[in-house]
Amino acid sequence: MEKALTNLLNQPLIMRIRRNHGLEHATIHMLSAKYPHTPIAGRADARGFFILGRLPTDAVAESAKEAASRLRAGEGHLAIHPNCGTNFLTAAVLAGLASFATLLGGRTNRARDRLERLPLAILATVLALIIARPIGSAAQRHVTTSADIGGLRIGEIRRLRGGRTTVHRVHTQG
């Protein structure tokens, strides 16, 4: 099973998405340091990634290049981001399963019995949320991102929209 997962994650298309995802996170780390009070989000795909936030195009370009350079220099931690959707999904799944499991049990399935188990469900959900953070980071590290960007290079960077939310498209090559 582990070998099958490794083979799947190393398929060219999936590896390219994982590399772009890691580079997207590293770019967001760079931008967040330069613009600490600016909300920034991103989304990666096989051709590159999007950066959402009111940011100048030259700052996105500089940050993407710096991110690639720092990842190549061994700063793999930059490929992991605390606000990644992987973390949110992990937290939601674990919290949902924890509360479902505690509310499902019992001798009967009456509303009163479920209400009596509510404190246990809340405790189980809180514990699930606590363990979700390291599990989500591990999932990023081993499944959804790659800090090894290989021969990935920054290509064209285009500003797609202005206004309240600016979207930049960062194309990658290699």
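Here residue 64 meets the list (1) in a helix (DSSP H, G or I); (2) surrounded by fewer than 17 Cβ atoms within 10 Å (Cβ to Cβ) almost entirely, failing just condition (2). Take the conditions (1) touching a residue at least 40 places away in the same chain (Cβ under 8 Å); (2) surrounded by fewer than 19 Cβ atoms within 10 Å (Cβ to Cβ); (3) over 17 Å from residue 174 (Cβ atoms); (4) assigned by TED's automatic domain parsing to the domain that holds residue 163; residue 89 misses just one of them, which is (4). Against the conditions (1) closer than 30 Å to residue 11 by Cα; (2) in the same structural domain as residue 38 (by TED's automatic domain parsing); (3) among the polar types (S, T, N, Q), residue 166 satisfies every one except (1). Scan (1) in a helix (DSSP H, G or I); (2) crowded, with 20+ Cβ neighbours inside 10 Å for the single condition residue 32 breaks and write down its number. Unmet for residue 32, out of (1) in a helix (DSSP H, G or I); (2) crowded, with 20+ Cβ neighbours inside 10 Å: (2).
If you go through the range 1-37 and keep only what is modelled with pLDDT under 95 and either over 21 Å from residue 151 (Cα atoms) or among the polar types (S, T, N, Q) (or both), you end up with 1, 2, 3, 4, 5, 6, 7, 10, 11. Within the range 118-174, the residues that satisfy the criterion of being farther than 21 Å from residue 40 by Cα, surrounded by 14 or more Cβ atoms within 10 Å (Cβ to Cβ) and touching a Gly at 6+ places or on another chain (Cβ under 7 Å) are 149, 152.
The values are calculated or read from the model by the stated rules, or taken from the named source; none is laboratory data. Since this is a predicted model, take the numbers as computed values, not measurements. Ideal geometry is used to build each Cβ from the backbone, glycine not excepted, and the neighbour counts take in all protein chains shown.
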